[in-house]
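K.L.:
Sharing a structure here in structure tokens format.
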């Protein structure tokens, strides 16, 4: 009987340690998005799934329109996390940021100078700029006081608007812009870019989940560093 009780306690402990995780992922190709078959795919999906499978955690994903909605799902208790994301104070109130899985380069994209078109002064608050709605790049533009900031959850639309001259500049994750540009078959030579900064790109896990699974983040971060740590340091220029 004692052995049976001990076995039941061990099993219940394992279940608690491996509590199921529910993620609400922003529609943010190439990191997380739905393909033509309705499957959730992307670079971030592959990278994070690899870690969670190694931990033997049961998990599921669903896609929401943007980062604002992904954060709201945690706040409402309908999700345990989202990724890939950069860190900010609003997200830190309800979730904990993991070790970086990769690096997100924030870039300005704009049309090259042509006859009759002036070189853009990125510090000119009169320029028409846009970013992915509710993403950290969008929030950064607002914080810095840019007057004419547009937000759109469809990165492909942002690329089209820039190419048509309806925007002066797009401020976006490098990988996201290049993926949207590639899908539309545009030549990369038609735009110029300027790197603003490189930010760690990781996973947010809700504080409520971590209260019930206190060892999760330590285990998760260790595997993230084992798999991706050297690559991230190289991308950030750390030696």
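K.L.:
Return yes or no: is residue 236 within 19 Å of residue 97 (Cα to Cα) and modelled with pLDDT under 90?
P.N.:
So residue 236 fits the description; yes.
K.L.:
Within segment 157-166, is there a residue that is within 30 Å of residue 19 (Cα to Cα) and not in a loop (DSSP other than H, G, I, E, B)? Before you say what the answer is, go through the steps one by one.
P.N.:
Kept after step one, since they are within 30 Å of residue 19 (Cα to Cα), are these residues of segment 157-166: none.
Looking for residues that are within 30 Å of residue 19 (Cα to Cα) and not in a loop (DSSP other than H, G, I, E, B), one finds none in segment 157-166, hence no.
K.L.:
Look through segment 157-179, keep the residues that are in contact (Cβ under 8 Å) with a residue 12 or more places away in the chain and surrounded by fewer than 13 Cβ atoms within 10 Å (Cβ to Cβ), and return whichever of them is nearest to residue 142 (Cα to Cα).
P.N.:
First, pick out the residues of segment 157-179 that are in contact (Cβ under 8 Å) with a residue 12 or more places away in the chain: 158-163, 165-177, 179.
Restricting the remaining residues to those that are surrounded by fewer than 13 Cβ atoms within 10 Å (Cβ to Cβ) gives 165-166.
On the way: 165: 22, 166: 19 Å.
Residue satisfying both the conditions and the ranking: 166.
K.L.:
I need the helices (runs of 4 or more DSSP H) fully contained in segment 1-99, keeping only those with at least 2 residues that are modelled with pLDDT of 95 or more, in contact with a strand residue (DSSP E or B) (Cβ under 6 Å, 6 or more places away or on another chain) and surrounded by 18 or more Cβ atoms within 10 Å (Cβ to Cβ).
P.N.:
Here the list reads 43-55, 67-75.
K.L.:
Another one. What's the total number of residues in segment 35-61 that are touching a helix residue (DSSP H, G or I) at 6+ places or on another chain (Cβ under 9 Å) and more than 19 Å from residue 223 (Cα to Cα)?
P.N.:
1
K.L.:
Right, next: Please verify whether segment 75-85 includes one or more residues that are in the same structural domain as residue 218 (by TED's automatic domain parsing), free of Cβ contacts under 8 Å to residues at least 40 places away in the same chain and over 21 Å from residue 195 (Cα atoms).
P.N.:
Among the residues of segment 75-85, at least one is in the same structural domain as residue 218 (by TED's automatic domain parsing), free of Cβ contacts under 8 Å to residues at least 40 places away in the same chain and over 21 Å from residue 195 (Cα atoms), which makes the answer yes.
K.L.:
Something else now. Quick one: count up the residues across segment 46-71 that are under 15 Å from the mean Cα position of the chain (by Cα) and farther than 17 Å from residue 225 by Cα.
P.N.:
Looking only at that region, the number is 11.
K.L.:
Now, a different point. Which of (1) in the same structural domain as residue 153 (by TED's automatic domain parsing); (2) on the phi > 0 side of the Ramachandran plot does residue 38 not meet, given it meets every other one?
P.N.:
Going through (1) in the same structural domain as residue 153 (by TED's automatic domain parsing); (2) on the phi > 0 side of the Ramachandran plot one by one, residue 38 breaks only (1).
K.L.:
What residue, among those in segment 180-209 that are in a helix (DSSP H, G or I) and either in contact with a strand residue (DSSP E or B) (Cβ under 9 Å, 6 or more places away or on another chain) or modelled with pLDDT of 95 or more (or both), is nearest to residue 138 (Cα to Cα)?
P.N.:
Going through the qualifying residues, I end up with 180.
K.L.:
Here is a check on your reading of the model: is residue 134 free of Cβ contacts under 8 Å to residues at least 24 places away in the same chain and under 26 Å from residue 64 (Cβ atoms)? Working first, answer last.
P.N.:
Details: free of Cβ contacts under 8 Å to residues at least 24 places away in the same chain: no; under 26 Å from residue 64 (Cβ atoms): yes.
Taking the combined requirement at face value, the residue does not satisfy it.
K.L.:
Quick one: which residue in 102, 137 is surrounded by fewer than 20 Cβ atoms within 10 Å (Cβ to Cβ), in contact with a strand residue (DSSP E or B) (Cβ under 6 Å, 6 or more places away or on another chain) and closer than 30 Å to residue 225 by Cβ?
P.N.:
102
K.L.:
Quick one: what pairs do we get from segment 210-230, first residue in contact (Cβ under 8 Å) with a residue 24 or more places away in the chain, second surrounded by fewer than 16 Cβ atoms within 10 Å (Cβ to Cβ) and outside any helix (DSSP H, G or I), C-beta under 7 Å, 6+ apart or different chains?
P.N.:
If the second residue must be surrounded by fewer than 16 Cβ atoms within 10 Å (Cβ to Cβ) and outside any helix (DSSP H, G or I), the pairs left are 212/19; 213/19.
K.L.:
Count, please, the residues in segment 210-227 that happen to be over 9 Å from residue 51 (Cβ atoms) and under 19 Å from the mean Cα position of the chain (by Cα).
P.N.:
Going through segment 210-227 one residue at a time, the tally reaches 3.
The values are calculated or read from the model by the stated rules, or taken from the named source; none is laboratory data. Being a predicted model, the structure only gives us computed values, none of them experimental. Positions of Cβ are backbone-derived with ideal geometry, glycine not excepted, and every protein chain shown enters the neighbour counts.
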